[in-house]
Structures are given as structure tokens and as C-alpha cells.
Amino acid sequence: MTQTGPIVLVLVAGVVLFAHAVAGRATGPESITPSELSVLVTETPERVRLRVLLPEDVPPGSVEVQLAGRNVVVIAQGSGGRQLRSRSLWLSEAAVEDGAQADYESDGSLTITLRKARPGGP
């Protein structure tokens with residue numbers, strides 16, 4: 001496999017995830033479970049970027065990312081104690097919490113960047 005092979009695979013996976021998210025929204029807001037967070041995943045060879053689409057009543061500080069190897073789940077607390085959760089997301093490689101960065105975007109989304117684990121440890 002050439003060096004561009006893994007990058008192309010990551011881009012294709014990202015497009016598939018984005019298309020799935022757009023298709024879910026295209027059917028109307030009633031098709032999205034009120035307790036489900038929408039998360040778009042982008043991966044590079046070194047990093048994982050999670051773009052969490054937050055409802056208006058969810059403060060960015062309430063968002064928590066749970067990592068278990070290559071499995072990621074995003075959880076947040078809405079107003080009145082309502083708990084929201086993303087679907088279980090499967091990454092191409094495990095990610096680590098060390099060095100995580102979160103940025104609140106002007107469109108109301110939260111972008112969380114994680115480092116991928118390196119072979120032999122983070």
C-alpha cells in the first residue's frame with residue numbers, strides 16, 4: 001500500500017460518517033433522538049477531531065469524552081439534568097486523553113482534538 005493509502009481510507013471514512021450525519025438530519029429533526037448528541041469524526045494519522053453539535057441548552061463545560069481503546073462516546077448534561085449521549089464511535093486507532101484540546105466554535109459546536117496512541121504507549 002502506498003503512503004497515501006491510509007490517508008485516503010481516513011478521508012473516505014470521514015466522508016461516510018459526514019454523509020450519515022447529514023442523512024440523519026435531512027429526514028427532519030423528529031428523526032433524531034432528543035437524548036442523542038450528533039458527533040462528526042475526522043481522523044488524521046496523528047489526531048482525532050470530534051465536532052460535537054451541541055443543543056442550545058447544553059453548556060460546553062458539561063461535555064465529557066469517554067475513551068475505551070478505539071471506542072469513543074461523548075456525554076453531556078443539558079438543562080434540568082437531562083443527559084445526552086452520542087452513539088458509540090469506532091476509531092481507526094486508539095486515542096488518548098493526554099494533550100486533549102477543546103474549542104467552542106461560533107456556530108455553537110464544540111471541537112475536541114485528541115492525540116492518537118502510539119504503539120507501545122501514549
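Since every read-out is calculated from the coordinates, none of them should be taken as a lab result. Everything numeric in this text was worked out from a predicted model, so none of it was measured. As a convention, Cβ positions derive from the backbone with ideal geometry for all residues, glycine included, and neighbour counts pool all protein chains shown.
For this structure, a couple of remarks:
- Among the residues of the stretch 73-94, those identified as closer than 16 Å to residue 49 by Cα and either in contact with a helix residue (DSSP H, G or I) (Cβ under 6 Å, 6 or more places away or on another chain) or of a type in the set (Val, Ile, Thr) (or both) are 73, 74, 75.
- Residues satisfying the stated conditions in the stretch 65-92, i.e. touching an Asp or Glu at 6+ places or on another chain (Cβ under 9 Å) and touching a residue at least 40 places away in the same chain (Cβ under 8 Å): 65, 67, 82, 84, 85, 86, 87, 91, 92
- Screening the stretch 60-75 for residues that are under 17 Å from residue 106 (Cα atoms) and surrounded by 14 or more Cβ atoms within 10 Å (Cβ to Cβ) and picking the one that is nearest to the chain's Cα centre (by Cα) gives 63.
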